[in-house]
Amino acid sequence: MQKSAEIMGRGVLRPMLAAVLVLCVGLALAVIPGVAQTPRVLDPPVAIDIVSQRLNGFDHADPSRRLFGQLEFRGGLVLTSRFKEFGGISALRVQADGAHFIALTDKAWWLKGRIVYEGTLPIGIANAEMAAMQGPDGLTLVSRRWYDTESIAQDGGLLYVGIERVNRILRFDYGMDGLLARGQPIDLPAAIRSLPNNRGLEALVFVPRGLPLGGTLIAISERGLDREGNIRAFLIGGPRPGTFAVRRSADFDITDAALLPSGDLLILERKFGWTTGLFIRMRRIRLADVRPNALVDGPVLLEADLGQAIDNMEGLSVHRGANGETVLTLVSDDNFSALQRTLLLQFTLAEP
């Protein structure tokens, strides 16, 4: 979902008034639907240039600091492009090579490219392409007003995309057709349709076969709450379909999720307070605890606020590094606002 966040300027916090202004703009964009485009056949993918500016560090007060909770900061980039559809990045999946990635914007455009490294430090984006996402009939998703695309799950060459406002999930044969793949709606539990219009499907994870719940698509809402005030989530397909809940605490909402190589589930969260500012948090949940009717929770791995280089962090991906380390990649949704930034951040996690 589109949210707003304070943007950090050259390592110095801007006044809280600016943060409040940005939040107001983001919330207004989130509740006022965009104008649908005229239905048309999809244009071919477009090669775009992305300019990357390196972050000096993650902590503004001490750029040399590397440890944050259980994560070690690896490096980060501020990404910009003159292509008008660039921005609003809501989800990404970095591939096993740690370089190639597929991402999407909340205005239903694909973005693919390759992260360029200097050793283990991300320094740029190469071979970037964008294309409008299309539905089963070959027309753009925006022409259907299915434009609030928020999440990606990957099963080999298949991609599952969650669309928040209409609470649908489409399956794309990306391995076969690349950015020209047509999205096919999949069958969903009826309860998903009852999620709030702008607090619906926000995170998708496909559980690889061979793990507990192998073959299951895990779908988690942003802030679709059950009677106890916890966040509703769904197990679609697989050996034990059903519903479960993620314990909600400290007013955090869920923005994405990913699986660790061990099989545990990582949850990325965000909250904004009018007097306290922007916060992000990451929790680790045992996959073995995820089952129908369960209420799951787990330890916090990371908490960060405007003292660190964060924005509206909405995307999370996990891959193994060349030396076997677990690498986490986060990306922010700038809401197509000049007051915010598209950030790509990488951390490593020491697993037990």
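Every number in this text was worked out from the coordinates using simple rules, so none of it is lab data. Only a predicted model underlies this, so the values are computations on that prediction, with no experimental measurement involved. Glycine also receives a Cβ, built like all others from the backbone with ideal geometry; neighbour counts cover every protein chain displayed.
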(message) If you wrap a convex hull around the alpha carbons of the range 61-202, what volume per residue comes out, as a whole number of Å³?
(response) 161 Å³
(request) Can you figure out the FRET efficiency of Ala338 with Thr276, using R₀ = 25 Å and their beta-carbon distance, to the nearest 0.05? (result) 0.55
(request) Calculate, axis by axis, the spread of Cα positions in the chain along the three principal axes, and write the results as whole Å, longest axis first. (result) 49, 44, 42
(message) Over the Cα atoms, compute the radius of gyration (one decimal) and Dmax (the largest Cα-Cα distance, rounded to a whole number) for the range 160-206, in Å.
(response) 11.6, 34
(request) With 10 Å bins from zero, work out the P(r) of the range 255-323 over every alpha carbon pair and list the percent per bin. (result) 19, 44, 29, 9, 0
(request) Would you kindly derive the ³J(HN,Hα) couplings of the range 273-280 from the backbone phi angles with the Karplus curve 6.51 cos²θ - 1.76 cosθ + 1.60 (θ = phi - 60°), listing them in order in whole Hz, with x for Gly and Pro? (result) x, 4, 9, 10, x, 9, 9, 10
(request) Count neighbours as other Cβ atoms within 10 Å of each site's Cβ, and list the chymotrypsin sites (Phe, Trp or Tyr not before Pro) in the range 267-313 that are DSSP loop with at most 13 such neighbours. (result) Trp274
(request) Would you count, across the chain, every pair of lysines whose alpha carbons are under 21 angstrom apart, provided the pair is eight or more residues apart or spans two chains? (result) 5
(message) Through the Karplus equation 6.51 cos²θ - 1.76 cosθ + 1.60, θ set to phi - 60°, convert the phi angles of the range 199-204 into ³J(HN,Hα) values in whole Hz; use x for Gly and Pro.
(response) 9, x, 4, 10, 9, 10
(request) Return the long-range amide H neighbours of Asp334 (sequence gap of 5 or more, or a different chain), with a cut-off of under 5 Å between placed amide H atoms. (result) Gly88, Ile89
(request) Could you line up Phe83, Phe206 from fewest to most neighbouring Cβ atoms inside 10 Å? (result) Phe83, Phe206
(message) Using Cβ counts within 10 Å as a stand-in for footprinting exposure, how do Ser64, Ser337, Ser151, Ser249 rank, fewest first?
(response) Ser64, Ser249, Ser337, Ser151
(request) Calculate the tail of P(r) for the range 130-262: the fraction of all Cα-Cα distances greater than 26 Å, expressed in %. (result) 21 percent
(request) State the volume of the convex hull built on the alpha-carbon positions of the range 205-326, expressed per residue in Å³ and rounded to an integer. (result) 109 Å³
(message) Using C-alpha positions alone, give me the convex hull volume of the range 183-245 per residue in cubic angstrom.
(response) 96 Å³
